[in-house]
Amino acid sequence: MSDVYPRTKIAAVQAAPIFLKREATVEKACALIKEAAAKGASVIGFPEGFIPGHPL
């Protein structure tokens, strides 16, 4: 007997943040998440630091 695992579609985002504009970067991330989800992704990975914490 073999184990059967459900398939999961994963998306990796390769995009640049909007320089020095955190709110605009968050909006861009939300749009990218919606796009990936519409294409069936249930796990979506972004680069570390995509939404910058500094400068505030």
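In the set (1) exposed (fewer than 10 other Cβ atoms within 10 Å of the Cβ); (2) modelled with pLDDT of 95 or more; (3) among the polar types (S, T, N, Q), Thr25 fails one condition alone, (1).
Any residue at all in the stretch 41-51 that's touching a residue at least 24 places away in the same chain (Cβ under 8 Å) and in contact with a Gly (Cβ under 9 Å, 6 or more places away or on another chain)? Checked the stretch 41-51: no residue is touching a residue at least 24 places away in the same chain (Cβ under 8 Å) and in contact with a Gly (Cβ under 9 Å, 6 or more places away or on another chain).
Name the residue, out of Glu48, Glu35, that is at negative phi, under 11 Å from the mean Cα position of the chain (by Cα) and at pLDDT below 95. The match here is Glu48.
So in the stretch 7-30, with the set limited to residues that are under 9 Å from the mean Cα position of the chain (by Cα) and not in a loop (DSSP other than H, G, I, E, B), which one is farthest from Gly49 (Cα to Cα)? Only one residue fits best here, namely Ala11.
The values are calculated or read from the model by the stated rules, or taken from the named source; none is laboratory data. Only a predicted model underlies this, so the values are computations on that prediction, with no experimental measurement involved. Neighbour counts are summed over all protein chains in view; Cβ atoms, including those assigned to glycine, are modelled from backbone coordinates with ideal geometry.
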